[in-house]
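Shown next, in structure tokens, is the structure this report addresses.
Just so it is clear, none of the values below were taken in a lab; they were calculated from the coordinates. Worth saying up front: this structure is predicted, and the values here are computed from it rather than measured. FYI the Cβ positions are ideal-geometry reconstructions off the backbone, even for glycines, and counts take in every protein chain you see.
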Amino acid sequence: MTGGDRVDDEVKGTPVSGGQAARTANAPRRPRLRLGVVVALAVAAGFVAWLVLRGDSNSPKLAKTAAVQGSRPGAAPVAMARTGLRKLQSAVKHPIYWAGPKSGYRYEVTQKRDGTIYVRYLPAGVRVGDPRGAFLIVVTYPYANGLLALKRVAKSNGIRVPGGGLALVHQGYPESVHLAYPRVNYQIEVYDPRPRVARLVAISGRVRPIT
């Protein structure tokens, strides 16, 4: 891939093992539909925060976010250039993950009051706030010991990714892939309406904090 433009190139991950996931009560579940553009985006992305484990995650307390180019927790989504994304990451004082730059696209940012941040890739001609679940989204969730929690759910179905991370395709919803990295109190979700693209992006090594 060059500059993140070709998400359809084959990218190979290293399976942890070939076993099947155990079907347990700890399996992630999709939430009920609620109103609002942000929630609509969340449902489109699968928005699975590993609900059972999340209750024990002891997520860190969230500091108030400084407004950057109009973006603030609970506000409507805004478009940002790469420089704006960097400023936002500096303001919130924690990593915001994305899939790297993509020529000809705008980056739409939505912040939730719980600290979740969405970066959505909008092609030319698509307005900010478009309700369709038709575009690549990378979501950053506050989640203490995110990698450990993901390993517990993944069992033998995780895929190792560059940087010591782990990826797991959401069972029953392949458009959504979850990621976590060592020593980071966050999990990441990669959504694309094309399951193959979601997986390729997630395991490519390009899902990193904004630079």
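Relative to the current alpha-carbon distance between Ser103 and Lys151, full extension at 0.36 nm per residue lengthens the span by 13.9 nm.
Check each of the trypsin sites (Lys or Arg not before Pro) in the stretch 104-194 and keep only those in coil by DSSP with at most 13 other C-beta atoms within 10 angstrom; list them in order. Write out the running numbers ahead of the final one.
Working: sites: Arg106, Lys112, Arg113, Arg120, Arg127, Arg132, Lys151, Arg152, Lys155, Arg160, Arg183; in loops: Lys112, Arg113, Arg127, Arg132, Lys155, Arg183.
Within the stretch 104-194, the qualifying trypsin sites (Lys or Arg not before Pro) (loop, at most 13 other Cβ atoms within 10 Å) are Arg113, Arg127, Arg132, Arg183.
Full extension of the chain segment joining Ala76 with Val126 gains 16.4 nm, where the gain is 0.36 nm per residue of separation less the Cα-Cα distance. Among Ile159, Ile188, the ranking by other beta carbons within 10 Å of each residue's beta carbon, starting with the fewest, stands as Ile159, Ile188. Global dimensions of the stretch 61-178 from alpha-carbon coordinates: Rg and Dmax equal 15.2, 43 Å.
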